[in-house]
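J.: I'd like to ask you about the structure that follows.
What follows draws every value from the coordinates through simple rules; no lab data is involved. Please read all numbers here as calculations on a predicted model, not as lab measurements. So basically every Cβ, Gly included, is an ideal-geometry build from the backbone, and we count neighbours across all protein chains shown.
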Amino acid sequence: MDLKIYEKTRYQNIYRHKKNKNYVIMMSKPVKTSISKIDGKKILTTDEALKIRDNVLIKQQKALETIHKEDFDTLWDKYIFQCKFVKKQAYNTILRKEKEYNSKLKGKININLSKSNKEFWTKFIDDIDTTSKQKNELIKILKSFFNWCIEENLLYNNPLSKVVNYKVNKPEMKYWIPSELKKFLDTIEEDVNSQNIYRAYLARRTKLITLLVFSLGDRIGETRAMTFDVVNE
């Protein structure tokens, strides 16, 4: 809060604009933010400012009481329901989340979520017997879950926000050399000259795509997306 513009009041978290005399409420949880207007109108009295501040604090307290009562699995079921029927996420996205939950999380999180932190989740993920790439996928899913908890006022912060992804070594890219291309073309030539029309058609198409890919340095998906109108004869 810029004390050159705002002055403190006798009430905690409530400040007043020195010039305009309107009030601003500073809140630190779930995120640091300020409330200066309600329904587009400035807050002009201390009574109004106190009422707004106290209502926010009551909601935060209720959120904490809720999170103390519900375990991870119960909240996950609610989260997935929201993903499916409210946010209507893609089928594969839901499938991926449920697969990770069933194999790595279901029945294994016994800590109160409001007390879980970076250290707890780092150790939990470290202990899972899987690849670094799969651990990164789990971190991504858990971050989304905890962001939902914050949106629903069930948590103040995301305990995985500072969890760093695991280093994944990228596989070395391999390329055909000219002699390997020649070997492939010699092999496919028999089918190109086949009396079977369908086999010959597939072989010629494969040969054409392969030559395009090799000559242009394209990935196969880029070449398959090409149309005749972009080809310069």
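J.: In deg cm²/dmol, rounded to 500, what helix-only [θ] at 222 nm does the chain give when every DSSP H run of at least 4 residues adds -39500 (n - 2.57) and the total is split over its residues?
T.: That comes out to -15500 deg cm²/dmol.
J.: Using a 10 Å cut-off around each Cβ, can you sort Cys149, Cys83 from fewest to most neighbouring Cβ atoms?
T.: Working: Cys149 23, Cys83 19.
Placing the least packed residue first, the sequence is Cys83, Cys149.
J.: Using Cβ contacts closer than 10 Å as the measure, can you line up Leu3, Leu44, Leu155 from fewest to most?
T.: Least crowded to most crowded, the residues run Leu3, Leu44, Leu155.
J.: Let me ask you something else. Just Ile43, Ile111, Ile197 to compare: in a GNM of the chain, with alpha carbon springs under 10 Å, which one fluctuates most?
T.: In the Gaussian network model the winner is Ile197.
J.: A further question on this structure: When Tyr79, Tyr156 are ordered from fewest to most other Cβ atoms inside 10 Å of their Cβ, what list results?
T.: Listing Tyr79, Tyr156 from fewest to most nearby Cβ atoms yields Tyr156, Tyr79.
J.: Have a look at Asp218, Asp126, Asp54 and tell me which one the Gaussian network model of the chain (Cα, springs below 10 Å) gives the largest fluctuation.
T.: Asp218
J.: Something else about it: Please give the FRET efficiency for Asp127 paired with Asp54, using the beta carbon to beta carbon distance and R0 = 35 Å, rounded to the nearest 0.05. Write down the numbers at each step before the final one.
T.: Numbers: r = 43 Å, r/R0 = 1.23.
After rounding, the FRET efficiency stands at 0.25.
J.: Just check region 178-230 against the gyration tensor rule for me: Cα atoms, a ≥ b ≥ c as the square roots of the eigenvalues, rounded for a/c under 1.5, and otherwise prolate or oblate depending on whether a/b exceeds b/c.
T.: In terms of gyration-tensor shape, oblate.
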